[in-house]
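Below is one structure; the comments refer to it alone.
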Amino acid sequence: MCAAPTPGDIFDVKKVRRLIELMKEHDLSELDLKQADNRVRIRRGGEVVAYSAPAVAMPRPAAAASEPAAGAAPAQSAADARMLVIKSPMVGTFYKASGPDSAPFVKVGDRIGPEKTVCIVEAMKVFNEIPAGVSGQVVAILVENGAPVEFGQPLIKVDPEA
């Protein structure tokens, strides 16, 4: 369940829609808002909308280990315990690249930094760039290109020590 938005919450859907209307009304090309550790940036004119939230990128390994798997849970190796998982911040469609003929944002084996865009999640015809939020080496891409994703679904595994 999602918590109800707080009165000043910049991620309230009605407020975001109103901001987009104001951008159109005043012919603004970009709007960048920050509230606490959350940030929303809206761009117009064929650009993408970027969304980032710190909680997306760095789950604690202990929390991941405590989630029971369906069926018998295999023993977790030390290598798996140190892995960081980049999760989807929203429900939508996962894309590895900005277009069908474009190179993927990241591949297995790539070194990434926190600001590196690792994928796009399309939600309601808006393409949201997902930043890594962590540094390390990509060890697995867990979702197929064009596949639907859920909020909090693991997208990419990163080894911070590689």
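The values are calculated or read from the model by the stated rules, or taken from the named source; none is laboratory data. Just so it is clear, the model here is predicted, and its values are computed rather than measured. Cβ placement follows ideal geometry from the backbone for every residue including glycine, while neighbour counts extend to all protein chains displayed.
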- request: Would you be able to say whether some residue in the range 95-109 is over 25 Å from D37 (Cα atoms), hydroxyl-bearing (S, T, Y), out of contact with any His (no Cβ under 9 Å at 6 or more places or on another chain) and not in a loop (DSSP other than H, G, I, E, B)?
  value: yes
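Every residue, every condition in (1) in contact (Cβ under 8 Å) with a residue 24 or more places away in the chain; (2) part of a strand (DSSP E or B); (3) in contact with a strand residue (DSSP E or B) (Cβ under 7 Å, 6 or more places away or on another chain); (4) under 30 Å from I20 (Cβ atoms), yes or no:
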site: I120; (1), (2), (3), (4): yes, yes, yes, yes
site: F127; (1), (2), (3), (4): yes, yes, yes, yes
site: I130; (1), (2), (3), (4): yes, yes, yes, yes
site: G146; (1), (2), (3), (4): yes, no, yes, yes
site: F151; (1), (2), (3), (4): yes, no, no, yes
site: L155; (1), (2), (3), (4): yes, yes, yes, yes
site: V158; (1), (2), (3), (4): yes, yes, yes, no
site: A162; (1), (2), (3), (4): yes, no, yes, no
message: If A70 meets every condition in (1) in a loop (DSSP other than H, G, I, E, B); (2) among the aliphatic types (A, V, I, L, M); (3) closer than 22 Å to F151 by Cα; (4) at pLDDT 90 or above apart from one, which number is that one?
response: (4)
